[in-house]
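Below is one structure, written out as structure tokens; comments come after it.
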Amino acid sequence: MKKKDIILKVENISKQYRLGLVGTGTISHDLNRWWYKIRGKGDPYLKVGDTNDRTSKGDSDYVWALKGVDFEVERGEVLGIIGKNGAGKSTLLKILSKVTGPTTGEIKTKGRIASLLEVGTGFHGEMTGRENIFLNGAILGMTKSEISSKINEIIEFSGCERYIDTPVKRYSSGMTVRLAFAVAAFLEPEILVIDEVLAVGDAEFQKKAIGKMQDISRGEGRTVLFVSHNMAAVKNLCTRAIVLENGSSSFEGEVEECIEYYISNNKNKETKLYYSANNKDNILQNIEIKNKLVASGSNINICFNLNVKAINLTNVHLGIYNFNDEKVLHISSEYFNNGYIKTSSDVLNCVIERNPLTQGLYYVNVGVVSNKVEVERLKKCLVFEVVNSDFFNCGIILKPASIKAKALAEYKWY
Amino acid sequence: MNNKNSDWLYTISPKKKLIDLNFSEIWRYRDLLLLFVKRDVITQYKQTILGPLWYFIQPLFTGVIFTLIFNNLAAIPTGSGVPPFLFNLAGITSWNYFSSCLTGTSNTFKANQGIFGKVYFPRVITPLSVVFSNLLKYGIQLLVFFCFYLYFVFFSNKATNVSPQFVIIFLPILILFMGFFGLGIGMIISSMTTKYRDLTFLVGFGVQLLMYGSAVMYPLSYFKEKVPEYSWLVEYNPMTIIIELFRHMTLGVGDFSIFKILYVGVAVILIFSLGLIIFNKTEKTFIDTV
């Protein structure tokens, strides 16, 4: 087996925060801590403290934003860190980038860490774009000569050449962000820590930014730690991932497995599988999938319970999305039977024959139209999972890892 | 499969050593220090008409007012043959440098929490940059002082008893003392204010009160003569000694002794080291308490 070249080692990192107003009672706690310290005992407030579950009320004023996080990163690896809001991602990044210290534990590293928790840190509105490039670059840890040698590339990448000698306060917010990201993109540390900064700028710039990130990680072999809610970006960039949950790492492994784990975990808590909108005022009373199991290539029978007496129903359409929020299928009654759908009964059925979906989780948005007006729109009203199957009836079950497609199609070879 | 533990570049841990200063790291960030100074200088007088002229106007007007109030009105003597305006200007410029270093660094953590919360660099760079950009300002004001000095010596008959002493070669050390004394106190205050905001209220008027106790607009000898029972308060204020020394170096008037010089040296080094230690201890976790 190849010897692992571990560049970053996180050992049992924990971080405790005090809830409520800092300042009230801090002096008494500080004095108490000091009293324990001179008697040679540990910090009394480290024992108390709940796990970081923001939804439930805890017993203590102290919480563990992170508790016992361990992981290792190899050189050249791109590690994705995913988790819900408040799972401890940002705290972990803050500790990694030395903005704040851990309460317990240790992080060992073999390379310089540069962090991008925000783009444009230290930008000064009164200074020109060029001056800000130097200032921001220096704050991020570059030397003046390093910046000077790259300044032309940075300006070109930012696409703000025309404005480069104008004070930044005259820039549009998009331009400021472009300029800031351009500086960050040319950082050359051994380890780069990135917090969702890719979610800035317009579509064109985002594409450019992700491309640059890929260059950095793949082409130049830099180690990157990447935190994001954008599963598509994580999937694109990362080679491995960890899932943080309530301050501890709950899953570690291949990116796809992690995303799957994260999504299925999320789903159980926030959306109900086979959900029904049991609201009497709704026109769409209930929506469910009649099949027990949905596999690639099977028929999907979606059953709607509608209160058709209330309106003159003319059209029902639904979109099927994957969990990267990409719309995979659009299904509408508009294109069926000259736009005519049966409205006499309260029950409406839609059958998707030989569904082309690949393995994974999907959700459904539904729109109900009456006389060309959308009277109801339900988001994520149905979540279902598609499992692998022998789509092509050839005796081979699809291998998702080798296919990586969003949709399947039937075909023939001559 | 495991690596040796010895070849780690550095470790992030909660353990705090008393003195944990990484000088090579600070040196690596020297460009940042320069750019911070540049930023302060460039942006301070942007969109003003007089621009850097304000550097001159501030001490000049204060000098004129002080001369009117304290010398013409209150008749505080500045020594025979020493023009009161020159005497005041010497005190004001030196005091300004010290106080701007103190107030400028005393809100380091609060004013920079935006940057400090997002990026790591040796935090001590920020207060140091304040001291350096103020040094530049002080340099300009010293130039003004010496211009007036020359005017009084060569074009007016008032300055009959003014002569620079040869010890003026130690002026750079004295300036270092002023800056680092202010920096030391400022760092202590900025570290304390991250948790307890009370000190911010103290700084504003405290500095003003301290000016009256630092022999800025009167000679120490006159104070000792008039209020002998409280004179020790002023006499052992390090800033008094620094200002008296400055006047001795440049004008040839001043009350000092070798013992006092040693006292100032020790006091400044102590306060600065204390500030540095407290500042270093605070910088690791301040973002959670600020």
Among the residues of region A:399-411, is any touching a Ser or Thr at 6+ places or on another chain (Cβ under 8 Å), at pLDDT below 80, among the small types (G, A, S) and surrounded by 11 or more Cβ atoms within 10 Å (Cβ to Cβ)?
no
Given the criteria within 12 Å of chain B (Cβ to nearest Cβ), part of a helix (DSSP H, G or I) and surrounded by fewer than 21 Cβ atoms within 10 Å (Cβ to Cβ), does A:K169 qualify?
yes
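Please pick out the residue among A:I147, A:I133 that is facing chain B (nearest Cβ under 9 Å), surrounded by 21 or more Cβ atoms within 10 Å (Cβ to Cβ) and assigned to a helix (DSSP H, G or I).
Unique residue meeting the criteria: A:I147.
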Take A:E196 and decide whether it is out of contact with any helix residue (DSSP H, G or I) (no Cβ under 6 Å at 6 or more places or on another chain), among the charged types (D, E, K, R), at pLDDT below 85 and more than 23 Å from A:L79 (Cα to Cα).
no
Which numbered condition in (1) surrounded by fewer than 16 Cβ atoms within 10 Å (Cβ to Cβ); (2) among the basic types (K, R); (3) at pLDDT 85 or above is the only one that A:K207 fails?
(3)
Within region B:144-153, of all residues that are touching a helix residue (DSSP H, G or I) at 6+ places or on another chain (Cβ under 9 Å) and of a type outside the set (S, T, Y), the one modelled with the lowest pLDDT is B:F152
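Within region B:211-222, restricting attention to residues that are in contact (Cβ under 8 Å) with a residue 60 or more places away in the chain and in a helix (DSSP H, G or I), which residue is farthest from B:A111 (Cα to Cα)? Let's see the steps before the verdict.
Step one: filter region B:211-222 for residues in contact (Cβ under 8 Å) with a residue 60 or more places away in the chain, giving B:211, B:214-219, B:222.
Remaining after also requiring in a helix (DSSP H, G or I): B:211, B:222.
Values: B:M211: 25, B:Y222: 41 Å.
In this case the residue turns out to be B:Y222.
Got a sec? Which of A:R39, A:R18 is buried (at least 17 other Cβ atoms within 10 Å of the Cβ), outside the structural domain of A:G219 (by TED's automatic domain parsing) and at pLDDT 65 or above?
A:R18
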Just checking, how many residues over region B:34-49 are modelled with pLDDT of 85 or more and within 9 Å of chain A (Cβ to nearest Cβ)?
5
Out of all the residues in region A:108-121, is one or more more than 7 Å from chain B (Cβ to nearest Cβ), in contact (Cβ under 8 Å) with a residue 24 or more places away in the chain, of a type in the set (S, T, N, Q) and buried (at least 20 other Cβ atoms within 10 Å of the Cβ)?
no
Single match in B:V162, B:V130 (criterion: touching a helix residue (DSSP H, G or I) at 6+ places or on another chain (Cβ under 9 Å) and farther than 20 Å from B:F23 by Cβ)
B:V162
Can you name the number of the only condition in (1) under 30 Å from B:K38 (Cα atoms); (2) modelled with pLDDT under 85; (3) small (G, A, S) that A:S148 fails?
(2)
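The values are calculated or read from the model by the stated rules, or taken from the named source; none is laboratory data. Everything numeric in this text was worked out from a predicted model, so none of it was measured. Cβ coordinates were reconstructed from backbone atoms using ideal geometry, including for glycine residues, and neighbour counts include every protein chain displayed.
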